[in-house]
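K.L.:
Quick one: this structure, given as structure tokens, is what I'll be asking you about.
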Amino acid sequence: MKDDILNRLQFSLGKDADHASVYDWRMAVSLTVRDQMVDTWFNSTKEAYAASSKRVYYLSMEFLIGRLIEDMISNLQLEDTVRGALTDLGQDFDEIVHDEPDAALGNGGLGRLAACFMDSLATLGIPAFGYGIRYEHGLFEQSFAQGQQVERPETWLNQRHAWEFERPEVQFPICFGGHVDHHDGKTTWHPSEKVLATAYDTPVIGWKNEWGNTLRLWSAEPVSQFDLDSFNRGDYLAAGRSEALARTISRVLYPDDTTDSGKELRLKQEYFFTAASIQDLMRRYLQDHDDLRQLPEHVAIQLNDTHPAIAGPELVRVLVDEHGIDMAEAIPLARACLAYTNHTLLPEALEKWGEWLLGRILPRHLEIIRIIEETQQREHPGSPRILEHGDVRMGELAFIMAHKVNGVSALHTELVKETVFADLHRIHPTRIINQTNGITPRRWLYNCNPGLRDLITDAMGDGWVADLEQLTALKAKRDDAAFMQAFQASKRDNKAALSNWIGQTCGIALDPDAMFDVQIKRIHEYKRQLMNLLETVALWNDMRDNPDHDWTPRVKIFGGKAAPGYYMAKDIIRLINDVAEVINNDPATKGRLKIVYPPNYNVTMAERLIPASDLSEQISTAGKEASGTGNMKFALNGALTIGTLDGANVEIREHVGSENFFLFGLTAAEVMERRQHHGYARAAIEASPRLQRVLGQIAEGRFAPHDTGRYHGVVGMLYDHDYFLVTCDFDSYFDAQRRADNAYQNADNWAAMALMNTASMGWFSSDRTIKGYARDIWNAHPPRAAMDRSA
Ligand SMILES: *Cc1c(COP(=O)(O)O)cnc(C)c1O
């Protein structure tokens with residue numbers, strides 16, 4: 001390993017050890033590790049071909065993968081070797097790991113799910129490709145200026161990306177615009193714009209280096225670097241047109257989280273990566289098959305949300321226009337390959353495109369969508385429409401072109417059946433199924449929490465890493481005093497390490513014995529960071545009123561970004577920072593209450609915070625969080641949840657036991673009912689003196705003394721609409737927090753509850769989720785029977 005690293009340093013980086021920077025060392029290590037995966041990767045491809053396996057194609061607009069170096073090293077079981085080699089070379093392993101920039105090619109949960117799924121597919125040995133976009137700029141970098149969010153472009157590709165292989169030979173033309181000709185039964189699309197999609201492959205190697213799949217990200221390039229003819233004619237703009245389009249398509253990730261951004265470029269991005277992926281999988285299929293009617297036996301295409309929903313019409317177009325299959329046959333054939341995952345019930349997040357816009361960019365696809373619509377109406381008169389009020393509704397399109405539609409938690413799936421797709425569900429009663437989300441235990445325990453990982457492995461071996469339900473054996477350890485002491489110590493160590501980091505980065509000193517109460521996720525009204533903050537102010541008031549009470553010291557930690565155009569979310573960020581400024585400087589609550597909000601929440605920060613958390617805030621308005629996966633990461637790492645009956649919280653609570661979970665708030669049914677009552681927010685505020693006082697303080701400018709009107713909008717929103725029922729759940733939330741305070745006072749009992757969480761979370765491994773998709777949706781199997789742990 002040492003020689004390999006030095007060779008790489010010399011011959012790939014052109015540096016000698018004396019002059020190498022951290023970056024040089026990191027690249028040398030990464031390339032050395034990458035070399036070691038290539039055999040597994042090639043062999044997996046060969047085996048999948050030899051067995052003529054069905055392949056899974058996971059189409060996702062986002063892959064929030066974060067850093068890869070630790071994942072790669074641990075899945076290859078090279079941790080000790082690499083550490084040892086670097087020590088011998090006088091280098092610091094951790095410094096090198098921390099030098100890798102996060103690949104932030106996603107906004108939040110949806111993109112992180114795709115990344116966890118890639119890890120599980122490889123670990124389970126299921127032949128699969130992840131397909132997405134190689135954005136030049138991932139999710140923006142967040143900083144705070146006077147408490148307000150500032151966005152700057154993210155630049156992960158300023159340095160070479162160590163893990164990818166450029167595939168200049170894997171390149172497909174992607175067309176836009178123009179018009180369609182119908183002649184003698186033959187249809188021809190004459191596009192007006194064209195770019196090329198070039199593949200960049202990152203190998204994804206599963207646990208213990210047994211199987212490797214590919215994450216294939218597409219980058220846009222101009223058709224010809226430069227149109228010399230146009231240039232010589234003096235048409236300088238035309239000469240650069242394809243270049244300009246190509247440069248924009250894969251340039252930025254849309255930072256909109258959950259809202260339909262309705263931008264032409266966004267539609268082009270969606271079509272760009274979907275069409276490239278379909279050309280790629282068709283080429284692979286036709287290499288060793290000639291009967292397209294067998295396509296569904298070899299190809300499973302999963303649509304992660306509606307962003308790639310154009311895959312339906314695109315696959316039909318390829319089958320009909322390029323391979324001469326009848327339309328009537330092509331539609332069911334495409335459907336048998338396609339499945340769709342729904343991620344949200346929020347109406348503003350359901351994608352729609354104006355018919356005129358879609359028809360201008362993809363004229364042939366609009367024709368095909370009309371035929372799909374007619375076919376659906378003929379077969380199921382009165383079916384909900386794809387085309388309505390001049391819009392193309394992508395949810396309906398995805399549903400109608402999928403043989404299975406899945407929700408992402410038990411509650412969410414029932415709500416999908418009852419609300420967004422109620423009418424389609426009546427027509428297709430077996431199409432909607434549930435697959436509760438999961439997280440990969442490799443990243444979210446094994447790598448991010450070495451203390452707890454080693455404790456568990458010492459107690460039971462490492463079988464749990466690929467079979468997480470083995471953790472139930474830990475339940476017996478709750479009466480083992482030595483184990484419980486070590487369990488508590490590992491949490492204490494993680495909290496001390498986090499305190500150091502917060503001290504360095506935020507300049508705030510924390511007490512590692514205080515309760516670390518953490519809410520990290522996108523800032524969104526339905527996630528109710530505002531309710532958490534109001535509770536913090538109420539607690540502060542109570543602490544000041546009763547200074548002699550035996551208060552449980554708390555550290556409130558927030559993390560998360562707001563979409564740049566989401567003004568209410570940005571006001572909430574500013575309010576958190578303003579309140580922190582006042583409370584953190586109040587001598588009356590010193591040592592008892594602190595608020596920290598480290599900027600630029602991302603995967604790496606999650607890996608740092610979650611192992612150091614005592615309390616996990618999962619407090620969304622019931623019925624609004626489809627699943628959540630942050631909730632799973634915390635519980636697995638031994639944090640207790642304070643939460644509503646929403647998304648996967650419901651199932652987490654069933655698994656960990658209601659006595660190990662702080663439940664509060666209205667249920668989804670009660671939320672819907674409460675919204676019918678006119679003036680519910682005002683009534684709730686008037687019934688809660690504690691909440692009234694907090695809102696009064698904020699409205700008076702207690703936290704913005706030089707700009708007292710700053711939060712009138714926020715307070716007014718709570719009085720007048722409060723669509724997410726912060727006011728209605730406030731008292732119940734406050735009470736649950738006091739139950740948590742009391743429980744924390746008994747450290748041994750708290751630790752036992754935490755252990756019950758870790759021990760009960762095995763079912764939430766994304767390995768279990770992927771087995772469910774493979775069985776119920778894809779009918780996909782590992783070609784290597786020995787790896788078929790699902791048998
Ligand atoms: C897991 C994760 C999320 C999703 O968190 P939720 O609490 O489920 O919304 C978002 N961002 C990052 C960086 C994550 O790691």
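K.L.:
For the structure I just gave you, tell me whether S620 is polar (S, T, N, Q) and within 9 Å of the ligand (Cβ to nearest atom).
P.N.:
Yes, satisfied.
K.L.:
With on the phi < 0 side of the Ramachandran plot and exposed (fewer than 14 other Cβ atoms within 10 Å of the Cβ) as the only criterion, which of A85, A50 stands out?
P.N.:
Sole residue among the options that is on the phi < 0 side of the Ramachandran plot and exposed (fewer than 14 other Cβ atoms within 10 Å of the Cβ): A50.
K.L.:
Also, I was wondering about something else. Please verify whether the range 421-440 includes one or more residues that are of a type in the set (D, E) and more than 23 Å from T123 (Cα to Cα). Quick ask: steps written out before the conclusion?
P.N.:
First, the residues of the range 421-440 that are of a type in the set (D, E): 423.
Okay, now just the ones that are also more than 23 Å from T123 (Cα to Cα), so 423.
Yes; the residues of the range 421-440 include at least one that is of a type in the set (D, E) and more than 23 Å from T123 (Cα to Cα).
Residue-by-condition table, conditions (1) under 30 Å from D578 (Cα atoms); (2) outside the structural domain of A569 (by TED's automatic domain parsing); (3) assigned to a helix (DSSP H, G or I):
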residue	(1), (2), (3)
G713	yes, yes, yes
G716	yes, yes, yes
Y723	yes, yes, no
Y744	yes, no, yes
N749	no, no, yes
M753	no, no, yes
N757	no, no, yes
A780	no, yes, no
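K.L.:
OK, next. Can you tell me which residues in the range 128-175 are surrounded by 15 or more Cβ atoms within 10 Å (Cβ to Cβ) and of a type in the set (A, V, I, L, M)?
P.N.:
Once the filter is applied, which keeps residues that are surrounded by 15 or more Cβ atoms within 10 Å (Cβ to Cβ) and of a type in the set (A, V, I, L, M), the range 128-175 yields A128, I133, L139, L157, A162, V170, I174.
K.L.:
Report, by residue number, each residue of the range 500-515 that is over 28 Å from the mean Cα position of the chain (by Cα) and outside any helix (DSSP H, G or I).
P.N.:
Within the range 500-515, G507, I508, A509, L510, D511, P512, D513, A514 qualify.
K.L.:
Determine the pairs where a residue that is more than 11 Å from F516 (Cα to Cα), located within the range 538-560, has a partner that is among the β-branched types (V, I, T) and part of a loop (DSSP other than H, G, I, E, B) with Cβ atoms under 7 Å apart, the partner being 6 or more residues away or on another chain.
P.N.:
Here the result reads G560/I523, each pair linking the range 538-560 to a residue that is among the β-branched types (V, I, T) and part of a loop (DSSP other than H, G, I, E, B).
K.L.:
Tell me which residues, restricted to the range 2-43, are among the small types (G, A, S), within 36 Å of the chain's Cα centre (by Cα) and farther than 30 Å from F129 by Cβ.
P.N.:
A20, S21
K.L.:
Limited to the range 399-432, what total is found for residues that are aliphatic (A, V, I, L, M), outside any helix (DSSP H, G or I) and within 21 Å of the chain's Cα centre (by Cα)?
P.N.:
2
K.L.:
For the range 640-687, which helices (runs of 4 or more DSSP H) that fit wholly inside it have 1 or more residues that are within 16 Å of the ligand (Cβ to nearest atom) and more than 17 Å from K624 (Cα to Cα)?
P.N.:
So the answer is 649-656.
K.L.:
Would you mind stating whether P191 is touching a strand residue (DSSP E or B) at 6+ places or on another chain (Cβ under 6 Å) and of a type outside the set (A, V, I, L, M)?
P.N.:
Details: touching a strand residue (DSSP E or B) at 6+ places or on another chain (Cβ under 6 Å): yes; of a type outside the set (A, V, I, L, M): yes.
For P191, the condition - touching a strand residue (DSSP E or B) at 6+ places or on another chain (Cβ under 6 Å) and of a type outside the set (A, V, I, L, M) - is met.
K.L.:
Can you find a residue that is part of a strand (DSSP E or B), over 14 Å from the mean Cα position of the chain (by Cα), under 27 Å from H307 (Cα atoms) and of a type in the set (F, W, Y) anywhere in the range 129-143?
P.N.:
Looking through the range 129-143, at least one residue is part of a strand (DSSP E or B), over 14 Å from the mean Cα position of the chain (by Cα), under 27 Å from H307 (Cα atoms) and of a type in the set (F, W, Y).
K.L.:
A follow-up question, please. Mind listing just one residue for me: the one in the range 517-548 that is touching a helix residue (DSSP H, G or I) at 6+ places or on another chain (Cβ under 6 Å) and over 25 Å from Y566 (Cα atoms) and, of those, nearest to the ligand (Cβ to nearest atom)?
P.N.:
The selected residue is A538.
K.L.:
Which one of these is within 13 Å of the ligand (Cβ to nearest atom), in the same structural domain as L452 (by TED's automatic domain parsing) and either of a type outside the set (S, T, N, Q) or more than 20 Å from the chain's Cα centre (by Cα) (or both): A588, A626?
P.N.:
A626
K.L.:
A follow-up question, please. For the range 446-471, which positions are surrounded by fewer than 19 Cβ atoms within 10 Å (Cβ to Cβ) and out of contact with any helix residue (DSSP H, G or I) (no Cβ under 6 Å at 6 or more places or on another chain)?
P.N.:
Hits for the range 446-471 are P450, D454, T457, D458, A459, G461, D462, D467.
K.L.:
Which ones in the range 628-646 are in contact with a strand residue (DSSP E or B) (Cβ under 8 Å, 6 or more places away or on another chain), closer than 22 Å to A114 by Cα and open to solvent by less than 10 Å² (accessible area, probe 1.4 Å)?
P.N.:
Those that are in contact with a strand residue (DSSP E or B) (Cβ under 8 Å, 6 or more places away or on another chain), closer than 22 Å to A114 by Cα and open to solvent by less than 10 Å² (accessible area, probe 1.4 Å): N631, M632, F634, A635, L636, D646.
K.L.:
If I ask for residues that are crowded, with 19+ Cβ neighbours inside 10 Å and assigned to a loop (DSSP other than H, G, I, E, B), which ones from the range 54-77 would you list?
P.N.:
Across the range 54-77, the qualifying residues are K54, S60, M61, E62, R67, L68, L76.
This table checks each residue for (1) modelled with pLDDT of 95 or more; (2) among the hydrophobic types (A, V, I, L, M, F, W, C); (3) farther than 25 Å from A622 by Cα.
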{"site": "T306", "(1), (2), (3)": "yes, no, no"}
{"site": "I310", "(1), (2), (3)": "yes, yes, yes"}
{"site": "P313", "(1), (2), (3)": "yes, no, yes"}
{"site": "V318", "(1), (2), (3)": "yes, yes, yes"}
{"site": "M327", "(1), (2), (3)": "yes, yes, yes"}
{"site": "A330", "(1), (2), (3)": "yes, yes, yes"}
{"site": "L338", "(1), (2), (3)": "yes, yes, yes"}
{"site": "T341", "(1), (2), (3)": "yes, no, no"}
{"site": "T344", "(1), (2), (3)": "no, no, no"}
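K.L.:
Looking at the range 311-330, which of the residues that are touching a Ser or Thr at 6+ places or on another chain (Cβ under 7 Å) and in contact (Cβ under 8 Å) with a residue 60 or more places away in the chain is most open to solvent (accessible area, probe 1.4 Å)?
P.N.:
Filtering first and then ranking leaves D321.
K.L.:
Okay, moving on. All but one of (1) in contact (Cβ under 8 Å) with a residue 40 or more places away in the chain; (2) more than 29 Å from the chain's Cα centre (by Cα); (3) under 29 Å from K624 (Cα atoms) hold for G716, so report the exception by its number.
P.N.:
It fails just one condition, (1).
K.L.:
If you don't mind, another one. Being within 21 Å of T641 (Cβ to Cβ), out of contact with any Gly (no Cβ under 9 Å at 6 or more places or on another chain) and of a type in the set (V, I, T): is that true of I456 here?
P.N.:
yes
K.L.:
Among the residues of the range 115-126, what is the count of those that are closer than 13 Å to K771 by Cα and touching a Leu at 6+ places or on another chain (Cβ under 9 Å)?
P.N.:
Summing the residues that are closer than 13 Å to K771 by Cα and touching a Leu at 6+ places or on another chain (Cβ under 9 Å) in the range 115-126 gives 1.
K.L.:
Only residues in the range 96-117 that are open to solvent by 20 Å² or more (accessible area, probe 1.4 Å) and near the ligand (Cβ under 8 Å from one of its atoms) count as the first member; pair them with residues that are of a type in the set (S, T, Y) and part of a loop (DSSP other than H, G, I, E, B), Cβ under 8 angstrom, at least 6 apart or cross-chain, and list the lot.
P.N.:
What qualifies is G109/S627; G109/T629.
K.L.:
Let me ask something additional. Please identify the pairs in which a residue from the range 753-767 that is of a type in the set (D, E, K, R) has its Cβ atom under 6 Å from the Cβ atom of a residue that is in a helix (DSSP H, G or I), counting only partners at least 6 apart or on another chain.
P.N.:
D767/S120
K.L.:
For the list (1) free of Cβ contacts under 8 Å to residues at least 12 places away in the same chain; (2) among the basic types (K, R); (3) within 15 Å of the ligand (Cβ to nearest atom), I need the number of the one condition that R608 fails.
P.N.:
Condition not satisfied by R608: (1).
K.L.:
Let me ask something else. With the structure loaded, tell me whether K263 is within 24 Å of the chain's Cα centre (by Cα), modelled with pLDDT under 95 and of a type in the set (D, E, K, R) or whether it fails that test.
P.N.:
Yes, satisfied.
K.L.:
Give the number of residues within the range 118-162 that are without any contact (Cβ under 8 Å) to a residue 60 or more places away in the chain and among the aliphatic types (A, V, I, L, M).
P.N.:
3
K.L.:
Being away from the ligand (no atom under 15 Å from the Cβ) and not hydroxyl-bearing (S, T, Y) is the filter here, so list the residues in the range 118-130 that pass it.
P.N.:
L121, A122, L124, G125, I126, P127, A128, F129, G130 - these are the residues of the range 118-130 that are away from the ligand (no atom under 15 Å from the Cβ) and not hydroxyl-bearing (S, T, Y).
The values are calculated or read from the model by the stated rules, or taken from the named source; none is laboratory data. Keep in mind that this is a model prediction, so the values were computed, not measured. Neighbour counts run over all protein chains shown; Cβ positions are idealised from the backbone, glycine included. The accessibility values were calculated without ligands, DNA or RNA, using every heavy atom of the protein model including side chains. Shrake-Rupley method; radii C 1.70, N 1.55, O 1.52, S 1.80 Å.
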